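Report on the structure given below.
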Amino acid sequence: MPPLEETEQAQKEHLTPLAGSRRDLEFIIRTNAESFWLIYPALRFFALDRARGHDPLYGEQPKPSYNTAVLVPTYVQIQPQEKLLKRFGIQEEQEAIAVWSCRVLTDLGLDPVTGDRLEYLGRNFEVLTTKLVDMAVNTQCPLNKLATLKNVAVR
């Protein structure tokens, strides 16, 4: 394992923190990742396989296919369930928010984007949007990735 100040995430030239060093920055990033592994449950994450099932004419996937599940420690906050009157009857919809540690995602080789899925409490949620949040020590180095999710039925 490389010394703390020589890891990839802390080596960016513009990441010199105020009132600290690259070593302090790396310590915060590693502590954040370890706390995710210790505190939050490891949930099954399915990345959308963009290479398989690609339609050559229209450039889209007729039926989405996913890679094998990867266990990722995730903080999930579920919003209240809504019952909406739609064209073909009452439909139940539920949204949620998920937060992942950027270092954990980097270590696992993942980058959640729109279309990926997360299994939580026996339900499948699809990632709608993602953004980087929680910058470390007055730098532009994000600690976490936040995603909005929507409950989807498995077909």
Describe numerically, in nm with one decimal, the distance between label points set 7 Å from Cα along Cα→Cβ at Glu119 and at Tyr75.
-> 2.5 nm
Plugging the Kirkwood radius over Cα pairs into Stokes-Einstein for the range 110-155, at a temperature of 10 °C and a viscosity of 1.306 mPa s, what D comes out in µm²/s?
-> 134 µm²/s
For Arg123 the rounded accessible area (nearest 10 Å², probe 1.4 Å, non-protein molecules ignored) is 90 Å²
Starting from the Cα-Cα distance between Ser65 and Val152, subtract it from 0.36 nm times their residue separation and give me the gain in nm to one decimal.
-> 29.9 nm
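The values are calculated or read from the model by the stated rules, or taken from the named source; none is laboratory data. Given the structure is predicted, the values throughout are model-derived calculations rather than measurements. Ideal geometry is used to build each Cβ from the backbone, glycine not excepted, and the neighbour counts take in all protein chains shown. Keep in mind that these areas ignore ligands, DNA and RNA; they rest on the heavy atoms of the full protein, side chains included. Shrake-Rupley method; radii C 1.70, N 1.55, O 1.52, S 1.80 Å.
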